[in-house]
There are 2 protein chains.
Amino acid sequence: MQKHYLDAHELAQLDAYWRASNYISVGQIYLLDNPLLKKSLSLHDVKPRLLGHWGTTPGLNFIYTHMNRLINHDDLNMFFIAGPGHGGPSVVAQTYLEGVYSEVYPKITQDEVGLQMLFKQFSFPGGIPSHAAPQTPGSIHEGGELGYALSHAYGAVFDNKDVIACCVVGDGEAETGPLATSWHSNKFLNPKTDGVVLPILHLNGYKIASPTILSRISHEELEALFRGYGYEPFFVEGDEPEAMHSKMAEVLDVIVKRIQTIWHEARVLNKEERPRWPMLILRTPKGWSGPKEVDGLKSEGHCRSHQVPFATFGSSPEHLTLLERWLKSYKPEELFDEKGRLFSHIASFAPKGEKRMGANPHTNGGALLKPLVLPDFKAYAVDVPSPAGGLAESTRVLGNYLRDVMAQNRQNFRVFGPDETASNRLNALFEVTNRTWMAQKDSFDEHLSADGRVMEILSEHTCQGWLEGYLLTGRHGFFSCYEAFIHIVDSMFNQHAKWLKVTSREIPWRKPIASLNYLLTSHVWRQDHNGFSHQDPGFIDVVVNKKAHIINVYFPPDANTLLWVGDWCLKSKNSINVIVAGKQPEVQWLSMPDAIAHCEQGMGIWEWASDRGEPDVILACCGDVPTLETLAAVRLLRELVPSVKIRVVNVVDLMALQPHSEHPHGWSDEAYNALFPKDVPTIFAYHGYPWLIHRLAYKRAHHEHLHVRGYKEEGTTTTPFDMVVLNDTDRFHLVMDVMHRVSKMKPYEEEICQKMTEKLAEHKAYIERYGIDMPEILEWRWK
Amino acid sequence: MQKHYLDAHELAQLDAYWRASNYISVGQIYLLDNPLLKKSLSLHDVKPRLLGHWGTTPGLNFIYTHMNRLINHDDLNMFFIAGPGHGGPSVVAQTYLEGVYSEVYPKITQDEVGLQMLFKQFSFPGGIPSHAAPQTPGSIHEGGELGYALSHAYGAVFDNKDVIACCVVGDGEAETGPLATSWHSNKFLNPKTDGVVLPILHLNGYKIASPTILSRISHEELEALFRGYGYEPFFVEGDEPEAMHSKMAEVLDVIVKRIQTIWHEARVLNKEERPRWPMLILRTPKGWSGPKEVDGLKSEGHCRSHQVPFATFGSSPEHLTLLERWLKSYKPEELFDEKGRLFSHIASFAPKGEKRMGANPHTNGGALLKPLVLPDFKAYAVDVPSPAGGLAESTRVLGNYLRDVMAQNRQNFRVFGPDETASNRLNALFEVTNRTWMAQKDSFDEHLSADGRVMEILSEHTCQGWLEGYLLTGRHGFFSCYEAFIHIVDSMFNQHAKWLKVTSREIPWRKPIASLNYLLTSHVWRQDHNGFSHQDPGFIDVVVNKKAHIINVYFPPDANTLLWVGDWCLKSKNSINVIVAGKQPEVQWLSMPDAIAHCEQGMGIWEWASDRGEPDVILACCGDVPTLETLAAVRLLRELVPSVKIRVVNVVDLMALQPHSEHPHGWSDEAYNALFPKDVPTIFAYHGYPWLIHRLAYKRAHHEHLHVRGYKEEGTTTTPFDMVVLNDTDRFHLVMDVMHRVSKMKPYEEEICQKMTEKLAEHKAYIERYGIDMPEILEWRWK
């Protein structure tokens, strides 16, 4: 019966298109030349080094082909996410068949010559990677690391009312943690104003070398799992192509109707309940349509077809015959004309123009990007009549600014974070919006609504994935997180950084997208109360390892500098910006005009805290808490040894320390040496692991006189001031550092170090008795 | 009816024990003094800084108390994992009530004085953290980062036939990716020989500031989700203590019977199917039994009770009354005698001796640790008659050794990895064991069995969590992973490193456990075929940020050195060891005696490749591929400019570069300066990001003459040799580096650099044509 769901013409066209894509996929993996098999296949036609992954490819081609049918049939606005790791051969074949590939890369023509180039370039030096890479038109998701397909898909459809992201999740990827929790994204999707994800769990049964979990549990369990995740699961299972085409078409038509019904209920009938969105479980053999057996062992439907099913052509000449037979099984003569062009009755099956998934404009988000309407950040300034002339919670001040950014950009700006938006003092956002929430609500809930624009889930992975998907489709966002736990997304950061490096340097047709902005707060120095497990400033080190031109790291020491930095980051493109700032009440140093001047330089002398002329010592600082300790040390020094000449340098833009050749914000050696004269000892108090400063400055002339203090992995549950003491970064240790390192201080060294040691002992005794810092620490003021 | 499941005495005793634990929990959060409320509560009795998390605590106390009942009733061997982040007040209270706390910390006596100290120390400087920290007896899991409770629990019970891990999963934590996938661990648990995890999903409804997803989906979805995960879910829901005690006891008795039945079926009746293990969903109000309202706002059953429900005692004097009333609601006079001792009829409820969960020996794994029976690694040596006298796949050689380690340690050694054991060439393991697998099997499956000891799931998080749980309970393990994707567990590594730092330095009763060993292969230089997304050596940088005494990083350049390193790591304790080694056929440099001598030093001169006496230049190398390129450069230099005097230094133990004061393996300055004389230019080819070498060596005398090459984030799909070329770390660039930096080379510089540039151009042209490296690169030999 199911065979008859499609008429013969439609079935034939579908199947031909699928065969064409499989043929082109196998060609990419194997062929260097002879792309149309016009001659009998010889060893010279086969690539000398065989790379690529066949196993997932035919299933991806099957899905993509059927999505084309749906797009045509229902005039859908759809794009494709290939979750399976090495799906490159499929998406390249598909975008080539629909003509997009040749539009983007005119050399790869739709004829025999183009086909040969297409085949050769795959996984070839100077060619293209084996994933749905940045180079692939229609891709916003590079399968490589696995785990993020679904969160990328959801991120892409938020605020994209009519867009459907067809997201294929491989059963290998489905075992990863980030993917396993991202199914719950359906509790954050508003059917009124968001598009929808059509998740397709593709059970082909195997990872690299063993079965997948989800392919080896019962049908009942599988169905229950996805009902439990809040979906309505549909199943398509089998391996006979004709029957499968019919089943797939029939089920997909039902699924599209379900989506349309849900949209109608939400958008016309104003139904407010969370819908049970449809999802599809597709079970097909791994390496479907490939050789059943190779060298006497099962290949199709086995993990042996994961990569290249057979490769030893030199020692096994029969493999050449096997390959030729395999390629010919797709009947290329029925697919391509003499010149290598797809016959028009097959080519006409592809959707037209921007309906082609490879040409969907949302997949080149930069082209759709509209700049944010930004309020004047100066209007949010904290009044600082003189340095240290006030207290403020920096992130709360930024929150006021973000509130108004949100109010003016309700279509293309969202804030993300793992349940810490309020804890991180960005509460003002809730004056104009809510947390996104489609699950059940109770009468006493606050700030939850379907149209909320603050997205909180206790999964840093999901937050990051959503944000990446949102940015890659041309919108803007902001991610706030506890500093220590942002390490959870180290590897996702790495992959996004790699994407940006490649797109910004090597792929001119990819237009710049908005930057990924992190606000790291509840940072290492103020996690005294939560203890050692919450203390880790190492994300910065991970960030700085990536290509310099796409990363920026800011340490605003107070609220006004944070406002400047926040504004700068929201305007920037194609970067990853890390802002580290405190949320506790802190001394404010700079008026807004001073903050602007300082931030524009990236670093500079704080004249009001410095002596004129050549200094005996430089006290440099980077980070809000190190800045406080540095200025406290300066005040102590002035009281104790008025003869010492001090220069105070504050670094707000970490990259300013690097040579200009390494980073666009890096200072020239000339400017740098004027700031840090070669022979003047510098005591540098830094927010993170101290060696990072050495790594950035080791080529500078003053490096051998640079002494850095910072977090050296000493921490526990204690007081804020004790945190700096444990790491020798407190005012008393800084004073001692100066005494040890400035030769002019020799006469005073012993006496003052003695005093400082006593102060430290007094501090320890006090906190062990009272549990809080001494009044002189808590109430310290500049002057 | 349910109320009558327990008799009056049992009910009274259970409830009194629960109240006592709640009282002690609230006391820890609030009280500095007056622990028994003998006087009316005054402001001086309250801590000046209020820290801690009440919300999760009463639920944890409820569960722990009921587990005590079960342990007594069924003589169970059980321990407790507190998943919820800040469960410290509960587990500390419980281990104090059962007497373990005072045994471990004799100063914290079971009387009024001890109670006061117990209260004061919580989240207090010099005291204890707010989690089930390393300091907490009975804990192998520090709630802090969230996500790993269940994988730790499963890791702990593998090969622990009679142990039950009661694992509480908070509904916040349940949203994380690592937790969401770790439910599938039940497909890897062998009822014949493993213990079992009793997962308790604790729905208290809220995270820090908003509801949790799982508490806001329908009962049907919740039940379906856990059936889908393969469990038999039981529900206990409510807030009336008496009824809840009865329900809980009744359901837990059923659950224990289920476990016993499953064990009987598997162990006596030899049933082979995967059981549907029971799990419990417990729904109780957040902050249960705390104040219903605070300042007119709902507190119990709301996220407002997440941390300290009220704190502003200075400005709100009525809070003092509220606190006193709250504490007295537990009727302390019925719980503690005049001296502050728990009445004996309540205390007798606690299990005895090692049955107490705080005293379960598995939670101090080091005390149970038995050294591995290790074969002589020298027996696996590759024959290397002369330097560069052979080819071998290093990890395959290590695999032979691991096979025999496995064969001789079938009770306490497992190998973990995300489906890459075979890909990483450790196949020999499958000669003696299989992959662990309890899900469905097919006739054509290979190497899958319930008793397999190679644990593969495509979740690095789960692999890491299992391994940590396995190690913390006194066993041994080995984790192999693609280098780039180990970043996925950066944050888990961080937390384990913090645990080891604290336990090894500050907690003498915690005995040393086996080290966590990573083999990182499929590394950056040989991911040419998989492309840029697979190329990342940055995990090493994350590792080196942690406390030096617990980390080691090894770069064995060939198979025999890898054998030495593997053996060393399996013998070591309380460390995290990272081994980076290739899996491709590579030139072998050292015979086994030479390998041993070299590895024992950590680094040294390769005399056979060096000139005698003072060198003009040092070529140093660290990592297998950089070593190859360095020796190829040396050979080129000897041909091109025979007059240059070269010293070749190879570094196998990265930590040898650090000063001895920073790491136990660090070389003294004297020895270091003899190896790297101050004024001799050193060209250092390194496996990872080059700045790490500067960071390790910046205090050394030769630092200004140190020039490092390494991975600088340049990569794509290309050939192996092109990977080093893209990063200027190839033989030709190294030769040019020498020519630029050795003044004696001035006369030859231009000519030779010209030659090298031509070679590089030839290479590029060749690979773009043929897709493989030039024969002279592929077939290069030393001499």
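Readers should treat all values here as calculations from the given coordinates under stated rules, not as data from a laboratory. The shown structure was predicted, so the numbers you read here are calculated from the model rather than taken from an experiment. FYI the Cβ positions are ideal-geometry reconstructions off the backbone, even for glycines, and counts take in every protein chain you see.
See the values below:
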{"quantity": "Mean ellipticity per residue at 222 nm, deg cm²/dmol - from DSSP H runs of n ≥ 4 across the protein assembly as shown, formula -39500 (n - 2.57)", "calculated": "-11500 deg cm²/dmol"}
{"quantity": "Residue B:235 long-range amide H proximity, modeled H, under 5 Å", "calculated": "B:281"}
{"quantity": "Crossing angle, helix A:490-506 versus chain A [Cα axis fit, 0-90 degrees, rounded to tens]", "calculated": "70"}
{"quantity": "Label point distance in nm, residue B:755-residue B:778, each placed 7 Å from Cα along Cα→Cβ", "calculated": "2.5"}
{"quantity": "Alpha-carbon Rg/Rh ratio, for the stretch A:586-689, with Rh computed the Kirkwood way", "calculated": "0.95"}
{"quantity": "Packing-based exposure ordering (other Cβ within 10 Å, fewest first) of B:463, A:753, B:481", "calculated": "A:753, B:481, B:463"}
{"quantity": "For residue A:379, label point 7 Å along C-beta direction: distances to other copies, nm", "calculated": "7.9"}
{"quantity": "Contact order relative to length of chain A, as percent, for alpha carbon pairs under 8 angstrom and 6 or more apart", "calculated": "11"}
{"quantity": "Interchain or long-range residues, amide H under 5 Å from residue A:610's placed H", "calculated": "A:648"}
{"quantity": "Rg over Rh [alpha-carbon atoms, Kirkwood Rh] for the stretch A:8-352", "calculated": "0.97"}
{"quantity": "Using a Förster distance of 51 Å, the FRET efficiency for residue A:446-residue A:8 (Cβ separation, nearest 0.05)", "calculated": "0.30"}
{"quantity": "Per-residue HN-Hα couplings for the stretch B:371-385 [Karplus 6.51, -1.76, 1.60; θ = phi - 60°; Hz; x = Gly/Pro]", "calculated": "x, 5, 7, 10, x, 6, 4, 5, 5, 9, 4, 7, 6, 10, x"}
{"quantity": "Cα-based equivalent ellipsoid of the stretch A:602-778: semi-axis lengths in Å, sorted from largest, via gyration tensor", "calculated": "28, 19, 13"}
{"quantity": "Hz values of 3J(HN,Hα) by residue in the stretch B:660-675 - Karplus curve (6.51, -1.76, 1.60), Gly and Pro given as x", "calculated": "4, 5, 8, 8, x, 8, x, 7, 5, 4, 4, 5, 4, 5, 6, 6"}
{"quantity": "Position residue A:669, label points 7 Å along Cα→Cβ, spacing to each other copy in nm (shortest first, one decimal)", "calculated": "2.7"}
{"quantity": "Exceeding the 18 Å Cα-Cα cut-off - candidates B:107/B:339; A:699/B:547; B:511/B:573; A:298/B:187; B:161/B:355", "calculated": "A:699/B:547; A:298/B:187"}
{"quantity": "Sequence-distant residues sharing a close amide H with residue A:536 (under 5 Å, placed H)", "calculated": "A:484, A:524"}
{"quantity": "For the stretch B:259-335, Kirkwood radius (reciprocal of mean inverse C-alpha pair distance, Å)", "calculated": "16.2"}
{"quantity": "Spatial extent of chain B: Rg and Dmax, with the Cα atoms as the point set, Å", "calculated": "30.2, 100"}
{"quantity": "15 Å beta-carbon shell around residue B:374, net charge (K/R +1, D/E -1)", "calculated": "+4"}
{"quantity": "Average silhouette area of the protein assembly as shown, convex hull of alpha-carbon atoms, in square nanometres", "calculated": "54.7"}
{"quantity": "q = 0.11, 0.13, 0.22, 0.25 Å⁻¹: log10 I(q)/I(0) that the Debye formula gives for the stretch A:3-84, counting C-alpha atoms only", "calculated": "-0.41, -0.55, -1.06, -1.19"}
{"quantity": "Residues of type aspartates and glutamates that residue A:370 reaches as a straight line, Cα spacing below 20 Å, ignoring anything fewer than 8 places off in the same chain", "calculated": "A:159, A:162, A:194, A:354, A:404, A:468, A:567"}
{"quantity": "Degrees separating the helix B:592-601 axis from the principal Cα axis of chain B, which is the longest one", "calculated": "60"}
{"quantity": "Across the identical copies, how the residue B:72 labels are spaced - nm, sorted shortest first, 7 Å along Cα→Cβ", "calculated": "7.4"}
{"quantity": "Residue A:347 paired with residue A:103, simple spin-label distance in nm, labels 7 Å along Cα-to-beta-carbon", "calculated": "1.4"}
{"quantity": "³J(HN,Hα), Karplus 6.51/-1.76/1.60, whole Hz, each residue of the stretch B:549-566, x for Gly, Pro", "calculated": "5, 10, 10, 9, 10, 10, 10, x, x, 7, 5, 5, 5, 4, 4, 4, 5, x"}
{"quantity": "Proxy reagent accessibility, fewest Cβ within 10 Å first, across A:357, A:655", "calculated": "A:655, A:357"}
{"quantity": "Footprinting exposure proxy for A:54, A:288 (fewest neighbouring C-beta atoms within 10 Å first)", "calculated": "A:288, A:54"}
{"quantity": "Angle in degrees between helix A:624-640 and the longest Cα principal axis of chain A, rounded to the nearest 10", "calculated": "20"}
{"quantity": "Per-selection Kirkwood Rh - the stretch A:377-587 (Cα, Å, 1 d.p.)", "calculated": "17.6"}
{"quantity": "Total formal charge among the other residues, if their Cβ is under 13 angstrom from that of residue B:358, Lys/Arg +1 and Asp/Glu -1", "calculated": "0"}
{"quantity": "Counted charge near residue A:556, where neighbours are those whose Cβ lies closer than 10 Å (Asp, Glu -1; Lys, Arg +1)", "calculated": "-3"}
